[in-house]
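Participant: A single structure is presented below for examination.
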Amino acid sequence: MNTRDAIALTRTIAPDLRFVPVYLFRSSQAFPRALTPFGALGYTGPFLDVTCRTWLGSSWRGRGAAIFVNDVAIDEYCSDIGMDPRQKFLGTFLHEVAHVLSREMQLSPVTDFQAEMMVTLTERWVASPICVRQAPWIGHDAAWLRILLHLLYRANQELNERIPLSLAVPNGNYELNTYGFAIDIGDEPERLSHLSLAEIQSVSPPEPYRERWLRETRQWFDHLPDHELSDLETLACAKRLFPVSQKGGSKVVTDLLEKIRRKLKDNAAKAESRFAKLAGQIADGTEPPLATVSETLADSGKTVDDLSQKVSDIRRRRGLQAAMERSKELEQERSQIAAKVAKANQDLEAAERRHNDVTWPLQIRIDELNAAIAEANNARQQLLVSCNDAELLAQLDEVSRESEKCVASQARARGEIERFKEELDGPRGLRSHLKYERNAVTEDDVRRVEGFLRDAEQQLATLQSEAAELKAKRQRIEGLMIDA
Ligand SMILES: [Zn+2]
C-alpha cells in the first residue's frame, strides 16, 4: 500500500486525524539510518514529527502525527515465511496509529533548538534503547489494544478485507491474551463505529473486557517475586485502569463527571477560602506554620507572589477601614463643637435681646432730651436776636470787635512762638550750630532769640486771659439782653 493511500485510510477510519498533518516515514524512502531502530518494524512518538522536521524540508506542514514503518524489514520478513507484505505493513501501521490515538496529541510549536534536542535524544534511543524494568504491557495495555481493535474493525470494513490481529500484535509479546480481549470487546467496534477514538476512550469498555484486564494484570503481579513488587514503574502501570464502569450507560458517566466537576469546584472554593484566611493571618502579623503555608498554596494553586499580593491587598483594605472608622470619630467631634457654637449663638442672641430691652427706652429718653435742649438753645437765640436795647447791642458789637482782634493777635503770637522755637531747636537751629560750632553762632545769639521767645509766650498768655475776660463780658451782656 502506498503512503498516500495509507494516510487516506487513517483519516477515514479515525476522524481524530482528519484535520492534522499525518506523516508516514518508510525505510524504503531514504529515512535516516540514525533514526531507524534495529529489530522494530515500526515506531511512533509524540515528537517524531519534530524530530524529522529538517529531513522533511519543504514537505513539513506543521505539527502532526508521525509514524515510521520499516517496510524494507517487513518485506524481508514476509518473503522468508511466504506472507503477504501488504497486510503486514497495514497491521504494523495500524498498531502505530493506535499508539498515536491512545495518548494526548502534542501539537504545540517547538523551537529549532528543541527540535535539535529531539533529534539527539531519538538518535541516542535508536543507538541503545533504554531498558527500564517494567510490566511487559506498558505502552501496549488494554486501552491501546481497544483502540487497535476498533481501527482494525474499521479498516476491515473500509478495505473490505480481513487484517488478522496477529499482524498488528506480535503474539505473546505483551503477556496479555490479545485474542481473549478481542472476544470480550464484543460488538463495541461496530456499535461505536460512528464515534471518534477520543470519544470512545471517554467511556468504559464492556465489562468483560475491563474484568479481563484486571484479571490478567493481577495474575501477572501474583506471579511476580516480592522484591520486584516494589518497582514503582511497574505499580504505576498496573494502576492504569479504565475511568468508569459501563453499568448504567452514558447517563451514569455524565452524572459521575458532573459530580466530580462539582466536587473539584467545591474543593477549589474551599482552597481559595483557606488561602484568603492564611493571607489574613499574615496581614495580622501572625506567623503560620510553614507546612500550612505550603499546603495551602499547593491546594489553591497559588504562588508565594500571589500570597504576598493578597496580604498587601488585605493590609490596604484594613488601612481604608481604619480611615473610615476615624472619620466617624471626627464627625462626632465636629457635631459636638457645632452644638457648642449653636449654644453660644443662642446665648448671644438672648444677651442682645436683654441689652435692647435695657437700652431702647434709654435711647428714647436721650432723643427727647436732645430735642428739648435744641429747643432751649433755639429760644435763647431767639431772645438774643429779638433784643432791641441799643446800648446793650453797641456793647456786644464792641466786645465782638475786641474778641476778633484778640483772636488774630493770639494767632500771630502763636506763629512767632513757632518761628522762634524753630530758629532755636529746628534742624538748622541755633542750638545745633552751637553744639557743632558751625557758622560762628554764639551763646549771645541763642540768648537773644530765647528772649524773643519768652516775650512772645508772655504776650500769648496775656492775650489768652484777655480773651477769657472778653468771653465773660460777652456772657454778661447776653444775659442782660435775654432779660431785657
Ligand atoms: Zn507498539
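Participant: Only one residue in 30, 6, 65, 34 is in the same structural domain as residue 120 (by TED's automatic domain parsing) and either within 16 Å of the ligand (Cβ to nearest atom) or not small (Gly, Ala, Ser) (or both). Which one?
Facilitator: Answer to the check: 65.
Participant: Does residue 119 satisfy the condition of being within 16 Å of the ligand (Cβ to nearest atom) and β-branched (Val, Ile, Thr)?
Facilitator: On the way: within 16 Å of the ligand (Cβ to nearest atom): no; β-branched (Val, Ile, Thr): yes.
No.
Participant: Among the residues of segment 1-58, which ones are in a loop (DSSP other than H, G, I, E, B) and among the polar types (S, T, N, Q)?
Facilitator: 2, 36
Participant: Can you tell me how many residues in segment 172-205 are part of a loop (DSSP other than H, G, I, E, B) and over 21 Å from residue 100 (Cα atoms)?
Facilitator: So the answer is 5.
Participant: Follow-up question, since we're still on this one. Which one of the conditions (1) modelled with pLDDT of 85 or more; (2) part of a helix (DSSP H, G or I) does residue 288 fail to meet, given that it meets all the rest?
Facilitator: Of (1) modelled with pLDDT of 85 or more; (2) part of a helix (DSSP H, G or I), only one is false for residue 288: (2).
Participant: Taking the conditions exactly as written (among the small types (Gly, Ala, Ser), outside any loop (DSSP other than H, G, I, E, B) and at pLDDT 95 or above), does residue 66 satisfy them or not?
Facilitator: The answer is yes for residue 66.
Participant: Of all residues in segment 142-159 being surrounded by 22 or more Cβ atoms within 10 Å (Cβ to Cβ) and under 16 Å from residue 87 (Cβ atoms), which is farthest from the ligand (Cβ to nearest atom)?
Facilitator: So, considering only residues that are surrounded by 22 or more Cβ atoms within 10 Å (Cβ to Cβ) and under 16 Å from residue 87 (Cβ atoms), the one farthest from the ligand (Cβ to nearest atom) is 155.
Participant: Do any residues in segment 358-381 that are under 30 Å from residue 483 (Cβ atoms) have Cβ atoms under 7 Å from those of residues that are in a helix (DSSP H, G or I) and of a type outside the set (Ser, Thr, Tyr), where the two are at least six apart or on different chains, and which pairs are they?
Facilitator: 380/482
Participant: Would you mind stating whether residue 108 is small (Gly, Ala, Ser), within 16 Å of the ligand (Cβ to nearest atom) and touching a Lys or Arg at 6+ places or on another chain (Cβ under 9 Å)? Show your work before the answer.
Facilitator: Values: small (Gly, Ala, Ser): yes; within 16 Å of the ligand (Cβ to nearest atom): no; touching a Lys or Arg at 6+ places or on another chain (Cβ under 9 Å): yes.
Against the criterion (small (Gly, Ala, Ser), within 16 Å of the ligand (Cβ to nearest atom) and touching a Lys or Arg at 6+ places or on another chain (Cβ under 9 Å)), residue 108 does not qualify.
Participant: In segment 37-62, what residues are more than 21 Å from residue 170 (Cα to Cα) and either among the hydrophobic types (A, V, I, L, M, F, W, C) or within 16 Å of the ligand (Cβ to nearest atom) (or both)?
Facilitator: Scanning segment 37-62 gives 46, 47, 48, 50, 52, 55, 56, 60.
The values are calculated or read from the model by the stated rules, or taken from the named source; none is laboratory data. All figures in this text were calculated on a predicted structure; none of them were measured in a lab. Note that we place each Cβ from the backbone using ideal geometry, even for glycine, and neighbour counts take in every protein chain shown.
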